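Everything below concerns the one structure shown next.
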2 protein chains.
Amino acid sequence: MITVDDALAQLMTLVSVLEAEDVPLIEAAGRVLAADVSARRDQPPFAASAMDGYALKSTEVEQHSILKVIGESAAGHRFDGQVGPGQAVRIFTGAPVPEGADFVVIQEDITRNGDLITIANAPSSNSNIRAKGNDFAIGSTLDAPRVLTPSDIALLASMNVATVPVIRRPDVALISTGDELVMPGDTPGPDQIIASNTFGLKAMIDALGAHARILPIARDNTASLRTAFKLARGADLVITIGGASVGDHDLVGKVAADLGLEQSFYKVAMRPGKPLMAGRMNEAAMVGLPGNPVSAMICGKIFIAPMIEAMLGLDTNAPTLLKAQLTEPLTANGPRQHYMRALLDGSEIRAFDRQDSALLTVLASANALLIRAPFDPARKTGEIVDYLPL
Amino acid sequence: MITVDDALAQLMTLVSVLEAEDVPLIEAAGRVLAADVSARRDQPPFAASAMDGYALKSTEVEQHSILKVIGESAAGHRFDGQVGPGQAVRIFTGAPVPEGADFVVIQEDITRNGDLITIANAPSSNSNIRAKGNDFAIGSTLDAPRVLTPSDIALLASMNVATVPVIRRPDVALISTGDELVMPGDTPGPDQIIASNTFGLKAMIDALGAHARILPIARDNTASLRTAFKLARGADLVITIGGASVGDHDLVGKVAADLGLEQSFYKVAMRPGKPLMAGRMNEAAMVGLPGNPVSAMICGKIFIAPMIEAMLGLDTNAPTLLKAQLTEPLTANGPRQHYMRALLDGSEIRAFDRQDSALLTVLASANALLIRAPFDPARKTGEIVDYLPL
């Protein structure tokens, strides 16, 4: 058995950054920017008023000054003339500041009578003008890689970037294996259970920015497994669930080896999730997850998520562990790293009493994984422990 | 002007929980469960082995005992006979425990010779059997409302729930207004800028579980605004951006009133984002956001997100403010609640120097909003302030 860290390091050697594709801006949210993109214009593209008011020369800004209004500049409709001495132009927020003017007196400081205005209150020193290029200039970049947020999308729009280079979504094939499985909605026989792992993993993997395909269930025979692996072709990552243990009926490793798997490791010293294998299989990375539902989901979070992030070109440093205080004691841990299902409440945490790797109800109630290193000693209430949020 | 809290309270009166719809399980991740759903079966549906080993009577578990193997129980293939005294059944993880057996000795504790096994090591007291219904029983529920996580999806699958009742996605119509706007990819004239707010808001609103539609840009005239409002019909929430200020060219409020808007408030004491109006407009809620890009996005986070959560039936209590320590001082705040773009690093925070509401580059660099109450006094380095993560 190898450690979780060693397994992660080996998994990272199985994947590399995928190629880029262009998508319309409206579909780019949540995708990973593949290359720095440059602004195609200055923003604002002209000196613009930040307020509703009157544009004039700053040298004429003085309380009780009277000026003549010679025109209007609205957003989208610039005033084309020059502002001379003793003159002002009515201006609205976002409108171009006319030539000759370098100050906007806000309308609250003005009294108007026909074409004449009086500066009623002494204006502040703020010119209320946004300089051309104040937000960004032509050629300013939004730098890759980054997961595009709503604010990034707004910024790209204002840069006039209508098509965005993003890393294509990793194609992930999910194969659950076992004669005991039926699909949700089917009528299981007395010895059968519902295939749940592929559904949970697809939800997790899709949320990470990949695209998971649930393949037909592979039965516990060579022909069925071969068919499933053939259907997985084209995937960047092939994940099997179940059948990676040492049971006599676990054929996954044998069939995968026949089909070209170069196994890089088998079994990781962790709970839940001990049976886990990985390697390169022709053009794809291949990972065999354990069949217990909680094990499969936790291996998904600990191992599959970093692989997908690596394919997307994102930082794949181990996730930062957070700290919380125990509200209930823990017994000593065994030789395997233990990811205990736990409930975090502010800065306090407690592990659930029931840690059986078959309990999906407990996993669905948990909001954190409390992490115990191998041979971690017993811990008392009040001690500080590591966790990952779920 | 009204306070942020008063505005939020009034906005909540404009919306109510939407109706449910059924979706296939595979599309249910991230959706909001609309009604409690019940397990259609026990899990496990039979007493199941948690390990690979041998099933026998617990009364016969003793070191050096020799038993005869009379058959095999694999996942999906139960052993149909009875386990009698002196007998054992080879069993694999997940397989039904045969009748007559109530204990599984793990294979690591067994030596086998043909049909005979010897219990080589003294087994632990753990029976290695998962009782029928150990995870959940028929009728156990997953309770609404909740945003369905990957673990929830796995749980629903194992409950054999193939179709899931979820709240339908709110339909949100986004109308940007202004003669100065063109769409990304267009060639703007010298007085024009790119419409960015609708793109940023759509990304934000879609990520919240709604479906936003970007309507054609409405120009600064009555006919164009009427057309846009007509295109918005059927929406649960109509959002206009820009044109809600007091400028002479801001027709949005007038046209909306002609079309039936019952305005509930106008202007909120906040920065950025002062011009903001809201009301009921026929069958929809209507909110008018300010046109400055940063104002529009922050109003989206502070006001639109809770409205969408309310329509989805989620808890709409004000978001919990988090605390961080200032690394740079702040000057005294004015009469409006200020949402300052800020950079959070662990437990430390600093506001950006440039807080102009037109700066999308600053918003895209920020990861938190530092919140100042009206008239909050000057703050020194080291003081604790409130923030919301972005």
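Here, each number is a calculation from the coordinates, and none is a lab measurement. Since the structure is predicted, the reported quantities are computational estimates derived from the model, not experimental observations. Note: ideal-geometry Cβ built from the backbone for every residue, glycine included; neighbour counts use all protein chains shown.
Brief remarks on what is shown
- Within the shell of other residues whose beta carbon sits under 12 angstrom from the beta carbon of B:Met307, the net charge comes to -1, with Lys and Arg scored +1 and Asp and Glu -1.
- Taking a straight line from the alpha carbon of B:Lys230, these lysines sit under 20 Å away, with near neighbours fewer than eight places off in the same chain left out: B:Lys202, B:Lys254.
- Between A:Lys254 and B:Ala257, the simple label model (points 7 Å from Cα in the Cβ direction) yields a spacing of 8.2 nm.
- With the simple model of a label 7 Å out from the Cα in the direction of the Cβ, A:Glu328 to A:Met12 spans 3.6 nm.
- Relative contact order, percent, the stretch A:322-389 [alpha-carbon distance under 8 Å, six or more residues apart]: 49
- Peptide A:101-112 - average C-beta neighbours from other chains (10 Å radius): 0
- Nearest 10 degrees, 0 to 90: helix A:222-231 Cα axis against chain A principal axis: 10
- For the pair the stretch B:198-215 and the stretch A:20-79, the centres of their Cα atoms are 24 angstrom apart.
- Share of alpha-carbon pairs per 10 Å distance bin for the protein assembly as shown, given as whole %: 3, 12, 19, 22, 16, 11, 8, 5, 2, 1, 0, 0
- Largest first, the extents of the alpha carbon coordinates of the stretch B:322-389 on the three principal axes equal 29, 27, 18 Å.
- Cα centre as origin, Lys/Arg/Asp/Glu Cβ charges: the stretch A:322-389 dipole, Debye: 140
- Computed per residue of chain A from DSSP H runs no shorter than four, each worth -39500 (n - 2.57), the mean residue ellipticity at 222 nm is -4500 deg cm²/dmol.
- For the stretch B:48-130, convex hull volume per residue from C-alpha positions, Å³: 71
- Its Cα centre serving as origin, the stretch A:64-192 has a Cβ charge dipole (Lys and Arg +1, Asp and Glu -1) of approximately 840 debye.
- Per-selection metrics, the stretch A:84-224 (Cα): Rg and Dmax in Å: 31.5, 94
- Cut-off of 10 Å, at most 15 other beta carbons, DSSP loop: longest stretch of chain A lacking such GluC sites (Glu not before Pro): A:63-282
- Only Lys, Arg (+1) and Asp, Glu (-1) charged, at Cβ; chain B dipole about Cα centre in debye: 560
- Relative to the other identical copies, A:Ile138 shows label-point distances of 7.4 nm, where the label point lies 7 Å from Cα along the Cβ direction and values run shortest first.
- The simple Förster model, with R0 at 41 Å and r as the Cβ-Cβ distance, assigns A:Asp186 and B:Ala373 a FRET efficiency of 0.10.
- Cα-only Debye scattering, the stretch B:154-226: base-10 log of I(q)/I(0) at q = 0.18, 0.20, 0.25 Å⁻¹: -0.79, -0.90, -1.10
- The mean sequence distance of close C-alpha pairs (under 8 Å, at least 6 residues apart), as a share of the length of chain A, puts its relative contact order at 16 percent.
- Pairs of alpha carbons in chain B whose separation is greater than 31 Å (percent): 56
- GNM top mover of A:Ala137, A:Ala95, A:Ala235 - chain A, alpha-carbon springs below 10 Å: A:Ala95
- Convex hull volume per residue for the stretch A:1-65, taking Cα atoms only, in Å³: 247
- Local net charge near A:Thr13, Cβ-Cβ under 14 Å (Lys/Arg +1, Asp/Glu -1): -2
- Compactness check for the stretch B:1-111: Cα Rg over 2.2 N^0.38 Å is 2.02.
- More than 17 Å apart - percent of Cα-Cα pairs taken over the stretch A:260-390: 61
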